[in-house]
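Report on one structure; see the data block that follows.
The values are calculated or read from the model by the stated rules, or taken from the named source; none is laboratory data. Quantities reported herein were computed from a predicted structural model and do not represent experimental measurements. All Cβ positions, glycine included, derive from the backbone under ideal geometry; neighbour counts span all protein chains shown.
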């Protein structure tokens, strides 16, 4: 995308005021999206982003600048202006670059931009038809398709010169059921680091049925009672609680500055011995997977918690300096407009040894959270509040009444210690995670788990 000799000159200029590390991140991304509402295409957007980010370290200080001007003059000017934030100009540093070719763990069969738009629209209409016809109470169906084809080059003053290509595809369907008094929502939103072959494993018709089934069922469900009770959280998107309430607190972005409840606790017990938690960016074709992170570090399978003991953090280069620890392949950014920092990839609680039937039957009375919705968390304290999209009361060890309006309220460090049963069947769900380096694709996952006691918000 840019001549290698120009990159060398830019890296050298970035160090001309005494910086000890410089980096260039070059991005060329093509993306497209389609939105179908009530059977009609309402949005069809495609675009291309090209830009360059330049970053400089001096000890623990970091300067970041970006530009769309890829001429040598423009790049040198941007590098010089960034460098001046650290001191007065001196001579440019001499840089040598050595190319590294990375293993591609995410093969693509059908590049999305080569697929006719009519085929993409057909998938949306298939899902719409079955979702809308599921019940007369379905008052609206929204479905969408999106794909991203990102090419990057990363070079730095340590001699690294490497690149990657990342292709992702995602499908979403949302069904809204209403009775004239209130509405309830159901949705499915699978995604993969794949091309159009994603639809060989994602059945859009089943997704449409599932979304409408939840919406209709919750429309007729009574309000959930509130109180302290055991809660079973199902697999897949249930992992969003670990992601939000605990995962962010294990990112070096928070840990390095002491803004995490898990700072300085390596080797200590922070969870039940039933809990092993992992962040793994190497899973083939998974939504949150990467071959290399946005600093060029190869992706890794990082054990965060092993049988309840804190084993590691997710670390980027700058915060690794602060913590005197090596990067773990977790430095990510939304685009060249953001400086990277430590982020999750595919983060999950590993499979345990408990049978799902036994987990449910272990409760005389409690809540079964079959599908989680959105929520909020304070990463410093770990306090969270999450909506349950599809929930059921459990009575006498059996799933009983569907209930709506439930929320799970707690603190990440407390919940980890109260996970007393972990199932065998791990599953993942795709999402977008927002932080200071923008929104990045992440997978959440877990098997079915039981929390011995948690506050359930609802109605008395």
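Summary of values
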{"read-out": "Within the range 45-73, tally of residues that are surrounded by 14 or more Cβ atoms within 10 Å (Cβ to Cβ) and either over 26 Å from the mean Cα position of the chain (by Cα) or more than 21 Å from residue 150 (Cβ to Cβ) (or both)", "value": "8"}
{"read-out": "Residue within the range 72-82 that is in contact with a strand residue (DSSP E or B) (Cβ under 9 Å, 6 or more places away or on another chain), under 30 Å from residue 170 (Cβ atoms) and either part of a loop (DSSP other than H, G, I, E, B) or not assigned by TED's automatic domain parsing to the domain that holds residue 339 (or both) present", "value": "no"}
{"read-out": "Selected residue (criterion: surrounded by the most Cβ atoms within 10 Å (Cβ to Cβ)) from residues of the range 333-348 that are touching a helix residue (DSSP H, G or I) at 6+ places or on another chain (Cβ under 6 Å) and not in a loop (DSSP other than H, G, I, E, B)", "value": "347"}
{"read-out": "Within the range 2-40, tally of residues that are at negative phi and in a loop (DSSP other than H, G, I, E, B)", "value": "7"}
{"read-out": "Residue check, residue 375 surrounded by fewer than 18 Cβ atoms within 10 Å (Cβ to Cβ), under 21 Å from the mean Cα position of the chain (by Cα) and touching a residue at least 60 places away in the same chain (Cβ under 8 Å)", "value": "yes"}
{"read-out": "Any hit, the range 226-243, residues being in contact with a strand residue (DSSP E or B) (Cβ under 9 Å, 6 or more places away or on another chain) and without any contact (Cβ under 8 Å) to a residue 60 or more places away in the chain", "value": "no"}
{"read-out": "Selection count, the range 186-235, where residues are crowded, with 17+ Cβ neighbours inside 10 Å and touching a helix residue (DSSP H, G or I) at 6+ places or on another chain (Cβ under 8 Å)", "value": "17"}
{"read-out": "Residue among 285, 330, 319 that is touching a helix residue (DSSP H, G or I) at 6+ places or on another chain (Cβ under 6 Å) and either in the same structural domain as residue 194 (by TED's automatic domain parsing) or in contact (Cβ under 8 Å) with a residue 12 or more places away in the chain (or both)", "value": "319"}
{"read-out": "Wholly enclosed strands (runs of 3 or more DSSP E) of the range 354-460 bearing at least 3 residues out of contact with any helix residue (DSSP H, G or I) (no Cβ under 7 Å at 6 or more places or on another chain) and closer than 30 Å to residue 339 by Cα", "value": "365-377, 427-435, 438-446"}
{"read-out": "Among the candidates 273, 261, 244, 295, residue that is assigned to a loop (DSSP other than H, G, I, E, B) and modelled with pLDDT under 95", "value": "261"}
{"read-out": "Residue ID - farthest from residue 413 (Cα to Cα), chosen from residues in the range 252-263 that are out of contact with any helix residue (DSSP H, G or I) (no Cβ under 6 Å at 6 or more places or on another chain) and crowded, with 24+ Cβ neighbours inside 10 Å", "value": "253"}
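Residue by residue, here is whether (1) surrounded by 15 or more Cβ atoms within 10 Å (Cβ to Cβ); (2) at negative phi; (3) in the same structural domain as residue 198 (by TED's automatic domain parsing); (4) within 24 Å of the chain's Cα centre (by Cα) holds:
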position	(1), (2), (3), (4)
93	yes, yes, no, no
98	no, yes, no, no
105	yes, yes, no, yes
122	no, yes, yes, no
143	yes, yes, yes, yes
